[in-house]
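Novice: Can you keep this structure in mind? I'll have questions shortly.
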Amino acid sequence: MKAPESWFVYILECENGSFYTGFTDDLSRRYEEHLKGTKKSRYTRSFKPVRIVRSWLLAGSRASAMKVERLVKGMDRKMKDALVKNPQSISEIIKQHTGLDIIVLKIGPGRSD
């Protein structure tokens, strides 16, 4: 039997004060790619990340993680700020806007690098 998938959806704060939202199955590796400015990290090559302000480990498929990423990317700054301050609300927001019933396995407090 295959183990259930899990994916991180994360928000980075960049040096210009903007937020960048993404998803990955390996948050540490992906953050390093953003810091190095690899090919996959087009936006953060120009605006280097300062820190991970929030991350969520979600149980579900890659497609579900992509839907959550799109949902967060589509939020205005005020909504993203509120989500960062109240990260538990992500489950409610996801269900309300996508109809998905996603289990949040872990909420990351962010980290500085």
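Each reported figure results from applying straightforward, stated rules to the coordinates on display, with no laboratory input. Everything numeric here is computed off the predicted structure, so don't read it as measured data. Cβ coordinates were reconstructed from backbone atoms using ideal geometry, including for glycine residues, and neighbour counts include every protein chain displayed.
Novice: Would you tally the residues in the stretch 1-55 being assigned to a strand (DSSP E or B) and acidic (Asp, Glu)?
Specialist: The number of residues fulfilling the criteria is 1.
Novice: Could I ask something else about it? Can you find a residue in the stretch 82-102 that is over 12 Å from Ile11 (Cα atoms), among the β-branched types (Val, Ile, Thr), in a loop (DSSP other than H, G, I, E, B) and touching a residue at least 40 places away in the same chain (Cβ under 8 Å)?
Specialist: There is at least one residue in the stretch 82-102 that is over 12 Å from Ile11 (Cα atoms), among the β-branched types (Val, Ile, Thr), in a loop (DSSP other than H, G, I, E, B) and touching a residue at least 40 places away in the same chain (Cβ under 8 Å).
Conditions (1) under 11 Å from the mean Cα position of the chain (by Cα); (2) crowded, with 17+ Cβ neighbours inside 10 Å, marked per residue:
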site	(1), (2)
Glu15	no, no
Ser18	no, no
His34	no, yes
Gly37	no, no
Ser46	no, no
Val50	no, no
Ser55	yes, yes
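Novice: Can you spot a residue in the stretch 72-81 that is under 14 Å from the mean Cα position of the chain (by Cα), hydrophobic (A, V, I, L, M, F, W, C), farther than 19 Å from Glu13 by Cβ and surrounded by 13 or more Cβ atoms within 10 Å (Cβ to Cβ)?
Specialist: no
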